[in-house]
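Structure first, commentary second.
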Amino acid sequence: MAMLSACPDSKKADKLRASGRTSYDLEYLFNPWLSKARNCDPGRGPMEAIDSLIYLWIPLNGWMAQFIDSKVADVADSTLVAATGQDAALSTRFDEFMSSDDDFRRLTLQFQSFWPIFDSRFLEKQSIAPYGIQEDDSEEGGVLDRPGYRARCFSKSMGKKPPFRPRCYLDHQSSPLAKTTGGDPAEVPLTWSHTIEAIYQVRCSVFHGGKALSYSPEVARLPWLSFEILDRVWGEMYFPRAVA
Ligand SMILES: [Zn+2]
């Protein structure tokens, strides 16, 4: 297997000081955003799913910033995400849901089948339409399947940092041909650190070009899957839903 330098599971990240409940003041600020996120209904359309992730990310961002243990004052979002991905309490909770909650496992496996999540700005620059819309090169004018879509993206010039997350996607592939075949997302270990990294890429697409996510019914599921996983693992741990 290739070097795993980009793999969050083999990288030393900044740590969260002590993941825990936020102060009362911050809870007061966060709760309205959590309520807005949880009151979204993807049945009302793809923009509603996008809203749910945006609303949830606002308190998550505040929580991460409060608990990161970094020497640098101005910490990048990707650093906050890496630290949260290595948090022991959240990782354990993720693993427990994976082994005991069929619904959570189904959603997470469905989310993993979309990996890696490509940067929307890269797709735009390379004139690649969202997955589910991008046509193949056949005369019949069909649409690229997921492996074909990945292979098309990998065939483009990608720059120094892979324009997708998990960034270690290709490192985990057993086939040396993964770049041309698209590889298999199931070969990336389904851990919390890989999952939140992929969710972060969906979040970036939502903030940088959210509308494109609503063009294809396939891709439109990504914000909602991201919201569901994030709210179960992080949201409900520190901000349990009120019991009706
Ligand atoms: Zn990895």
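Only the coordinates and a few stated rules stand behind these numbers; no lab work does. Quick caveat: nothing in here was measured; it's all calculated off a predicted structure. Ideal geometry is used to build each Cβ from the backbone, glycine not excepted, and the neighbour counts take in all protein chains shown.
Checking Cβ-Cβ separations below 4.7 Å across the chain identifies 40, 153, 204 as cysteines lacking any candidate disulfide partner.
Only helices enter the 222 nm calculation for the chain: every DSSP H run of n ≥ 4 contributes -39,500 (n - 2.57), and dividing by all residues gives -15000 deg cm²/dmol, rounded to 500. Its Cα centre serving as origin, the range 83-220 has a Cβ charge dipole (Lys and Arg +1, Asp and Glu -1) of approximately 680 debye.
The alpha-carbon atoms of the chain define a convex hull whose volume equals 141 cubic angstrom per residue.
Normalising the average separation of contacting C-alpha pairs (under 8 angstrom, six or more residues apart) by the number of residues puts the relative contact order of the range 116-244 at 29 percent.
A Förster distance of 51 Å, applied to the separation of the beta-carbon atoms of residue 218 and residue 71, puts the FRET efficiency at 0.75. Its Cα centre serving as origin, the range 137-194 has a Cβ charge dipole (Lys and Arg +1, Asp and Glu -1) of approximately 480 debye. Dipole orientation for the chain: of the candidates 94, 84, 186, 84 has the Cα lying most toward the positive pole (charges on Cβ; Lys, Arg +1; Asp, Glu -1). Annotation: extensible slack from residue 88 through residue 207 equals 40.0 nm (criterion: 0.36 nm per residue apart, minus Cα-Cα distance). Annotation for the range 184-201 versus the range 76-148: alpha-carbon center distance of 7 Å.
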